[in-house]
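Here's the structure, in structure tokens; my notes come after.
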Amino acid sequence: MKISVHSRTILAGLVLAGLVAAGAALGQETGDIHIRAQQNHSEFFQLFNRYWWLLFPLFWGIGAILRNIFRHHRATEALTLVKAYADQGKEPPPELLAVLRQPDNGSRLNGGNFGTYGWIPVFLFGALTCGFVMFGFWRPDDSVPRPAMFFVALIMAGLCIGNLVALMARRKQDRVPPQ
């Protein structure tokens with residue numbers, strides 16, 4: 001069985017790894033400011049206050065794992081039904097075979113409506129990049145270090161470029177006729 005890896009899957013994995021690495025670097029960069037301001041709090045409060053945003057990629061990863069488990073369960077059930085039809089000597093219905101060919105029809109990884117919403121992340125991360133660059137040059141106060149703003153802008157620019165590459169690759173894949 002051929003396993004196909006989509007560029008969005010690779011991009012999502014790289015983004016998750018980048019966010020984890022960025023969290024450590026950004027937390028180290030801005031940690032001294034937050035520690036001085038919160039000397040009277042417990043260690044758990046300080047830990048949560050520094051790394052609360054890691055809950056988002058954590059829950060995203062858990063959601064991806066659950067989606068894959070459900071997809072596998074649906075494909076296993078379909079294979080069991082196909083086997084039952086084969087044991088009886090009957091031809092399985094075409095709808096059942098379609099489930100095996102594409103077990104997740106509405107998924108973004110299998111195409112879905114990527115052409116409709118594909119430009120939204122490109123513009124969103126592009127705008128966020130511009131915003132963080134502006135805040136890097138013109139900070140309202142000195143509470144956040146200037147390199148931290150440029151570091152976040154660099155991450156947002158990477159996400160913008162990654163989504164643009166994924167969009168262009170998907171459009172190129174849509175143009176090539178299947179063999």
Would you kindly derive the ³J(HN,Hα) couplings of the stretch 135-149 from the backbone phi angles with the Karplus curve 6.51 cos²θ - 1.76 cosθ + 1.60 (θ = phi - 60°), listing them in order in whole Hz, with x for Gly and Pro? 5, x, 7, 10, 7, x, 8, 9, 6, 10, x, 4, x, 5, 5
What FRET efficiency would be calculated for the residue pair L58, A86, taking the C-beta separation as r and a Förster radius of 45 Å, to the nearest 0.05? 0.60
Using the 10 angstrom Cβ neighbour count as an exposure proxy, how do M168, M149 rank, fewest first? M168, M149
So if we plug the beta-carbon distance of K172 and F150 into 1/(1 + (r/R0)^6) with R0 = 30 Å, what FRET efficiency do we get, rounded to 0.05? 0.40
Could you give the nm distance between label points at I65 and E77, where each point is 7 Å from its Cα heading toward the beta carbon? 2.2
Calculated FRET efficiency for the pair D142/F48, C-beta based, R₀ 22 Å, to 0.05: 0.35
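Bear in mind these aren't lab numbers, they're just calculated from the coordinates by the rules spelled out. Remember, it's a predicted structure, so these values are computed and weren't measured experimentally. Glycine also receives a Cβ, built like all others from the backbone with ideal geometry; neighbour counts cover every protein chain displayed.
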